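Have a look at the structure below before the remarks.
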Amino acid sequence: MHCPFCRHEDTKVSDSRATEDGSAIRRRRTCPVCERKFTTVEQVQLTVVKRSGVTEPFNRDKVIKGATKACQGRPVTPAQLAALGQQVEESLRSSGQAEIPAEAVGVAILGPLGELDPVAYLRFASVYKNYESVDDFAAEIEAMRARLDESSATTEGRQSSRPGPKSVSQEPLIG
Ligand SMILES: [Zn+2]
C-alpha cells in the first residue's frame with residue numbers, strides 16, 4: 001500500500017490487531033521515506049445478492065438514497081439519513097455474513113426508517129413489501145400503530161423504545 005502523504009509505493013506494517021468486536025483488523029503503518037504513520041482498516045467486503053442472483057458490493061450511499069426518496073417532503077434531515085445509513089451497515093455487519101440478500105438490506109432499513117418517520121416507513125414498505133391492496137396498507141398501519149402505542153406506553157425516554165421496531169423488522173428474515 002502506498003504512502004498517503006508522499007505517495008511512496010511501499011509502507012511497513014508496525015502493528016496489527018483485531019478490533020474489539022473482531023469484525024475488522026487495524027494495521028499501523030509507517031512510510032520508510034517520509035517516516036509518517038497512518039492506520040488502515042481491513043474488513044470483510046459486504047456483498048448484496050439481488051433476486052436475479054447478481055451480486056454487487058454493499059453501498060451505504062444506495063441505502064441513504066433509497067431512504068432519502070422515501071423521506072421526500074418529510075421532516076427528516078440529511079444528518080439523520082446519514083446516521084440511518086451507518087446504522088443499517090452496522091446491523092448488516094453484525095450479522096456476521098459476507099453475502100446479504102437484497103431483501104435483508106430492505107428489512108434492515110425498515111426498522112430505523114420507522115423510527116425516523118412513519119410516513120416514510122409506509123412509502124418504503126409499500127415498495128419493498130409489494131403491497132397489492134388497500135388492505136395491505138391498512139394492516140401495516142395497524143401494526144405500526146400498535147408499535148407506537150407500545151413504545152409510548154412502556155417508555156418515557158427514546159432509548160428503551162428501540163427493541164419494539166427492531167424485532168418486528170426482522171420477522172421476514174425468519175419466514
Ligand atoms: Zn511517505
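The values are calculated or read from the model by the stated rules, or taken from the named source; none is laboratory data. Remember, predicted model here, so these are calculated numbers, not experimental data. Every residue, glycine as well, gets a Cβ built from its backbone with ideal geometry; the counts of neighbours run over all protein chains shown.
Can you name the residue in region 41-66 that is part of a loop (DSSP other than H, G, I, E, B) and surrounded by 11 or more Cβ atoms within 10 Å (Cβ to Cβ) and is also nearest to the ligand (Cβ to nearest atom) among such residues?
We begin by selecting, within region 41-66, every residue part of a loop (DSSP other than H, G, I, E, B); these are 44-46, 50-54, 58-59.
Still in the running and surrounded by 11 or more Cβ atoms within 10 Å (Cβ to Cβ): 44, 46, 50, 58-59.
Details: VAL44: 28, LEU46: 31, LYS50: 41, PHE58: 31, ASN59: 30 Å.
Restricting to residues being part of a loop (DSSP other than H, G, I, E, B) and surrounded by 11 or more Cβ atoms within 10 Å (Cβ to Cβ), the top hit is VAL44.
Can you pull out the residues in region 89-134 that are within 13 Å of the chain's Cα centre (by Cα) and assigned to a strand (DSSP E or B)?
ILE100
Hey, can you tell me all the residues within region 113-128 that are in contact (Cβ under 8 Å) with a residue 40 or more places away in the chain and more than 19 Å from ARG51 (Cβ to Cβ)?
Once the filter is applied, which keeps residues that are in contact (Cβ under 8 Å) with a residue 40 or more places away in the chain and more than 19 Å from ARG51 (Cβ to Cβ), region 113-128 yields LEU113, GLY114, GLU115, LEU116, ASP117, VAL119, ALA120, TYR121, ARG123.
Just wondering, is there one or more residues in region 18-40 that are assigned to a strand (DSSP E or B), without any contact (Cβ under 8 Å) to a residue 40 or more places away in the chain and among the small types (Gly, Ala, Ser)?
First, pick out the residues of region 18-40 that are assigned to a strand (DSSP E or B): 18, 24-30, 37-40.
Those left that are additionally without any contact (Cβ under 8 Å) to a residue 40 or more places away in the chain: 18, 24-30, 37-40.
In the following step, the residues that additionally are among the small types (Gly, Ala, Ser) were identified as 18, 24.
Among the residues of region 18-40, at least one is assigned to a strand (DSSP E or B), without any contact (Cβ under 8 Å) to a residue 40 or more places away in the chain and among the small types (Gly, Ala, Ser), which makes the answer yes.
Of the residues that sit in region 1-29 and are among the basic types (Lys, Arg) and under 30 Å from the mean Cα position of the chain (by Cα), which one is farthest from the ligand (Cβ to nearest atom)?
Looking at residues that are among the basic types (Lys, Arg) and under 30 Å from the mean Cα position of the chain (by Cα), I get ARG17.
Taking only pairs six or more apart or across chains, which ones have beta-carbon atoms under 9 Å, a first residue in region 84-102 that is modelled with pLDDT of 95 or more, and a second residue that is acidic (Asp, Glu)?
LEU84/GLU115; GLY85/ASP61
Across region 22-36, what is the total count of residues that are surrounded by 13 or more Cβ atoms within 10 Å (Cβ to Cβ) and either under 30 Å from GLY96 (Cβ atoms) or out of contact with any Phe, Trp or Tyr (no Cβ under 6 Å at 6 or more places or on another chain) (or both)?
10
With PRO32, PRO78, PRO101 as the choices, which residue is touching an Asp or Glu at 6+ places or on another chain (Cβ under 8 Å) and either closer than 30 Å to ARG147 by Cα or within 16 Å of the ligand (Cβ to nearest atom) (or both)? Explain how you work it out, then say what you get.
Working: PRO78 fails: touching an Asp or Glu at 6+ places or on another chain (Cβ under 8 Å); PRO101 fails: touching an Asp or Glu at 6+ places or on another chain (Cβ under 8 Å).
Result: PRO32 is the single residue among PRO32, PRO78, PRO101 that is touching an Asp or Glu at 6+ places or on another chain (Cβ under 8 Å) and either closer than 30 Å to ARG147 by Cα or within 16 Å of the ligand (Cβ to nearest atom) (or both).
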